[in-house]
Ligand code: 6PG
């Protein structure tokens, strides 16, 4: 009999199954195509003895210890519902279905509600780290009933990544909380990647540096405040050469970015919750604009670049670029965590902010020591926004000027920096005592009698002196 069941032997499912087996748990595996299941087990080397290939769901269920823990690693969406439908008649009291795919948290909430009255538990769980993470230690964000988590905890903590020996796995809240946290992780990932790409593009355009030289700069930054997995892989990618053409790999790759949807979900939710994470939204937008390749090629000759882009040396610009990227990164994470805080209130999830930052320190795509600082900032428990934490106030005070200077170079050179520009706009809006919102309120009242608050009196429904003359 096996201790864990796993359905779906795609790249992520297969890696996760091997990881579980590697941690001394026996795993019964099932894939829709039986040949894939048998091949997987046959190729599992010394882990084979802990894996049982099951050709049907019935045999998967029969091969599992009770209460059963069945992990789904299938395509998010209808496939998950179909899999739940197929499993339910076979399961018994106390069995647990864990959806480990990149589900939309609203689907997870719906599934939780659907199974709430049934004897079977449903747990939506975010897993980050790509193929390598799944195989050797991902970050794991568990949702669902807190009372069910202890049954999953030993396995999940065993397979999770570790940061200073602490497993990067936690129960973050009920129902869809795990998938929501994963979605925000991905949104932040989009913003982080986009900002790195913007800095790369600027270096390329205004300094004329080669990808390899720029890669070396990123490698240098990786031992400073920007130290992170995404910076590390960027350095590696930029140093790579296409074996066929001898060209830098990055120049051979078509500049049309794909996206599977989680960045969009994170953006939509941030707007719906009234905490627009503009850097994430811009990152999604930039990918969408990049995908308009044919139109871009048509538009390019319509607007020949006659811009004042003074050549700059990479050595001179480097310190400013590093600070600009750091400032942008702080704003992106501030926005992402702000959305988590609003969601936590709206859904009464009580998301453990410091713990979320802690489990992102290793295993996941945005892993970095920066998240350790975020965890410390949230640890006291009453932080309204990362931009108010002492550590980050110091970083921003020391770097926002560089962001301004870098953006002005980019604007003059015609290099788009949507994510970094929106980071600065957010920062400038957030730290301002007075904003132009008084005028917005006046406009709203003028055309729609929406009312406003006054600085000098209590109350919410004042009107301006314009109503009488309206249309007059
Ligand atoms: C992770 C990644 C992973 C994946 C996404 C994003 O945390 O392991 O975020 O979930 O890379 O599929 O992919 P897109 O860029 O295609 O949206």
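Could you state the angle between the C-alpha long axis of helix 105-116 and the longest principal axis of the C-alpha atoms of the chain, as a value from 0 to 90 degrees rounded to the nearest 10? Value to nearest ten degrees: 40.
For the chain, the antiparallel share of DSSP beta bridges with both residues in that region comes to about 30%.
Each DSSP beta bridge with both residues in the range 15-130 is either parallel or antiparallel, and the antiparallel ones are about 0%.
Relative to one another, the C-alpha centroids of the range 358-406 and the range 1-33 are positioned 36 Å apart. Once every DSSP H run of n ≥ 4 in the chain is given -39500 (n - 2.57) and the sum is divided by its residues, what mean residue ellipticity at 222 nm do you get, rounded to the nearest 500 deg cm²/dmol? Computed mean residue ellipticity for the chain: -16500 deg cm²/dmol. For the pair the range 123-169 / the range 80-112, the C-alpha centres are spaced 18 Å from each other. Per-residue Cβ neighbour counts within 10 Å put 68, 109, 32, 454 in the sequence 454, 32, 109, 68, beginning with the fewest. Shape verdict for the chain, please, from the Cα gyration tensor: rounded (a/c under 1.5), prolate (a/b greater than b/c) or oblate. The shape class here is oblate. Note: relative contact order over the chain, using C-alpha pairs below 8 Å and six or more positions apart, is 13 percent. The residues 447, 392, when put in order of fewest to most other Cβ atoms within 10 Å, stand as 447, 392. The ranking of 128, 26 by Cβ neighbour count inside 10 Å, starting from the fewest, reads 26, 128.
Here is the size of the range 174-214 from its Cα atoms: Rg then Dmax, 16.1, 51 Å. Scoring 415-428, 214-227, 82-95 by mean Cβ neighbours within 10 Å over their residues and listing the highest first yields 415-428, 214-227, 82-95. Angle of helix 418-430 to the longest C-alpha principal axis of the chain, folded into 0 to 90 degrees and rounded to 10: 70°. Kirkwood hydrodynamic radius computed over the range 4-175 comes to 15.8 Å, based on all pairs of distinct alpha carbons. Over all projection directions, the Cα-based convex hull of the range 299-372 averages an area of 9.0 nm².
Counting only alpha carbon atoms, the long axis of helix 229-239 and the longest principal axis of the chain meet at about 80°.
Each reported figure results from applying straightforward, stated rules to the coordinates on display, with no laboratory input. Because the structure is predicted, anything quoted here is derived from the model rather than measured. Here the Cβ is made from the backbone with ideal geometry for all residues, glycine too, and neighbour counts use every protein chain on show.
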